[in-house]
Ligand SMILES: [Ca+2]
Ligand SMILES: [Ca+2]
Ligand SMILES: [Ca+2]
């Protein structure tokens, strides 16, 4: 009875610990569990907006639910109606793929696809009509806030939709022209001369106009991302323009954070000005813990490239690609668990060190790389369905308990696998909202444990065991208030594993939060871990439940 009461009390305190204006506003970024979704692929609440108010075939409206590269009909009304599902999973914040008005269709003839993903913006001030109206956006944010859910928007300042072409190069894809050569001569079709909003975005002088990036050297920041018009983010007008645009979204809607797309393709000086301006705007609107995390895409299990860019741009936080790549290597692949220990040790590379590590959004699946289940299938073609399921669960147990802010990619909780990255990892949820799904229930349990134990949200992490082969990975999280310890243990191998690990001297008795835990330390500071293959346990020190 005491356990039940304390759990209920803690949940209540967690969701309602702030002042009258925003009951969730006191929560720190590391207190959140983020649910990332693409509005077009989540829930269709209004079939009247499926074509975005446009008429004609899919090349005009962008709508074709049978084609993975076109709009499928999901919208803000649908998402608002499904907040129960998101909340019952245990998420506390929603990261929306971009909701700004897009160019509905672009691409070379025969290779067209639609802006269903939201990354081809023309009007940064409006909601794309495929997703609904500004009023529906307001309704969504208010409904989320009323439940204590934060709303993070996915924003872009690197590029707009592909509207500018080059006179010397009539194709959509033009070879990169390095400095100090002159840029291309930009050309905008008459029909699109005023399509961008705010109006300053229609002036080609505010773009680099150097052709497609080669992904190396200066072209990483100055080149077009596959034809997308690359903004001259060094220009004060562009800096000021984006501060106005994205400051207004915070003011109008009370947005709680920004995920910054393609951050590393922008000169760091841009973010040095933009980030403090957004934080100031948020504070001015009573949002004290506005979270900003940049996308510094990387396929390395290393924090070095992430931390280097974050430091140069003074980004408070970045998506933890190092974590994603390390978990893939250790749990889908065959790497030793030391790959995990290494990326956590590299938290020292970030400005702020371990404290910054706590605020890095971690993930195991995303809309570009693909889903974890797909990685397991790819890395282990012989694996049975049961083994794939266990590895997916193990990866999510790590995601939900290790340091960082977990990001659940929509559909993973329903067992979605996909067949690759990008379009092949962006399935429709639509009819798949089943809270009885075993993965959904497991993740909801992980989320509840995380919410109820501040050690898992705010606690310092100490690595207890890692090795050069698949096997045990053990870490402790130490609650900053009261110094209570929670031991996290994962077995990445197909054999049972057992080990004695160091724990805090005061940690004598343990309670199982997930899986099976020994009740007592075998000696002061020594604790026995025993796990079946591909299994995990979370063990909280202390005589009574925390
Ligand atoms: Ca719709
Ligand atoms: Ca272009
Ligand atoms: Ca750029």
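The values are calculated or read from the model by the stated rules, or taken from the named source; none is laboratory data. Please read these numbers as outputs of a predicted model, since none were measured by experiment. FYI the Cβ positions are ideal-geometry reconstructions off the backbone, even for glycines, and counts take in every protein chain you see.
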Checklist entry - Of the residues 35, 71, which is more than 16 Å from ligand 3 (Cβ to nearest atom), touching a helix residue (DSSP H, G or I) at 6+ places or on another chain (Cβ under 7 Å) and without any contact (Cβ under 8 Å) to a residue 60 or more places away in the chain? => result 71
Next on the checklist: Take residue 394 and tell me if it is touching a residue at least 12 places away in the same chain (Cβ under 8 Å) and closer than 23 Å to residue 458 by Cα.
Outcome noted: yes
Next on the checklist: Take the conditions buried (at least 21 other Cβ atoms within 10 Å of the Cβ) and within 15 Å of ligand 2 (Cβ to nearest atom) and apply them to residue 159. Does it pass?
Outcome noted: yes
Checklist entry - Does region 126-148 hold any residues that are assigned to a loop (DSSP other than H, G, I, E, B) and either within 16 Å of ligand 2 (Cβ to nearest atom) or touching a strand residue (DSSP E or B) at 6+ places or on another chain (Cβ under 6 Å) (or both), and which are they? => result 128, 130
Item to check | Top-ranked residue of region 512-540 - restricted to ones that are more than 31 Å from the chain's Cα centre (by Cα) and buried (at least 17 other Cβ atoms within 10 Å of the Cβ), ranked as farthest from residue 387 (Cα to Cα) | outcome: 521
Next on the checklist: Pairs please, first residue from region 41-60 and loosely packed, with under 13 Cβ neighbours inside 10 Å, second anywhere and at pLDDT 95 or above, Cβ atoms under 8 Å, 6+ apart in sequence or on different chains.
Outcome noted: 47/73; 53/129; 55/61
Checklist entry - If you check every pair at least six apart or on different chains, which have Cβ atoms under 8 Å apart with a residue in region 155-166 that is closer than 16 Å to residue 100 by Cα first and a residue that is within 16 Å of ligand 1 (Cβ to nearest atom) second? => result 161/102; 161/115
Item to check | Residues of region 224-248 satisfying the condition of being near ligand 3 (Cβ under 9 Å from one of its atoms) and over 25 Å from the mean Cα position of the chain (by Cα) | outcome: 232
Checklist outcome for this item: Residue hits (region 126-143; within 30 Å of residue 30 (Cβ to Cβ) and within 16 Å of ligand 1 (Cβ to nearest atom)) are 127, 131, 137, 139, 140
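Residue by residue, here is whether (1) within 25 Å of residue 32 (Cβ to Cβ); (2) at pLDDT 95 or above; (3) within 19 Å of the chain's Cα centre (by Cα) holds:
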{"position": "319", "(1), (2), (3)": "yes, yes, yes"}
{"position": "324", "(1), (2), (3)": "yes, yes, yes"}
{"position": "336", "(1), (2), (3)": "no, yes, no"}
{"position": "348", "(1), (2), (3)": "yes, yes, no"}
{"position": "352", "(1), (2), (3)": "yes, yes, no"}
{"position": "356", "(1), (2), (3)": "yes, yes, yes"}
{"position": "368", "(1), (2), (3)": "yes, yes, yes"}
{"position": "378", "(1), (2), (3)": "no, yes, no"}
Next on the checklist: in a loop (DSSP other than H, G, I, E, B) and in contact with a helix residue (DSSP H, G or I) (Cβ under 8 Å, 6 or more places away or on another chain): is that true of residue 178 in this structure?
Outcome noted: yes
Next on the checklist: Against the condition over 17 Å from residue 350 (Cα atoms) and surrounded by fewer than 19 Cβ atoms within 10 Å (Cβ to Cβ), how does residue 277 come out, does it pass?
Outcome noted: yes
Next on the checklist: Considering only residues that are over 21 Å from the mean Cα position of the chain (by Cα), in a loop (DSSP other than H, G, I, E, B) and away from ligand 3 (no atom under 16 Å from the Cβ), which ones fall in region 149-172?
Outcome noted: 167, 168, 170, 171, 172
Item to check | Elements of type helices (runs of 4 or more DSSP H) in region 381-492, at least 2 residues being closer than 30 Å to residue 118 by Cα and out of contact with any strand residue (DSSP E or B) (no Cβ under 7 Å at 6 or more places or on another chain) | outcome: 385-401, 438-452
Item to check | Among (1) touching a strand residue (DSSP E or B) at 6+ places or on another chain (Cβ under 7 Å); (2) over 18 Å from residue 120 (Cα atoms), the one test that residue 195 misses | outcome: (2)
Next on the checklist: Here's a check for you: in region 173-191, which residue that is crowded, with 19+ Cβ neighbours inside 10 Å and within 12 Å of ligand 2 (Cβ to nearest atom) is farthest from the chain's Cα centre (by Cα)?
Outcome noted: 184
Checklist entry - So which helices (runs of 4 or more DSSP H) stay within region 305-377 end to end and still have 2 or more residues that are buried (at least 24 other Cβ atoms within 10 Å of the Cβ)? => result 321-327, 338-345
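Conditions tested, residue by residue: (1) modelled with pLDDT under 95; (2) under 27 Å from residue 69 (Cβ atoms); (3) touching a helix residue (DSSP H, G or I) at 6+ places or on another chain (Cβ under 9 Å); (4) crowded, with 22+ Cβ neighbours inside 10 Å.
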site	(1), (2), (3), (4)
411	no, yes, yes, yes
414	no, yes, yes, no
423	no, yes, no, no
435	no, no, yes, no
460	no, no, yes, no
477	no, no, yes, yes
480	yes, no, yes, no
486	no, no, yes, yes
Checklist entry - Is there a residue in region 12-29 that is outside any loop (DSSP other than H, G, I, E, B), surrounded by 11 or more Cβ atoms within 10 Å (Cβ to Cβ) and modelled with pLDDT of 95 or more? => result yes
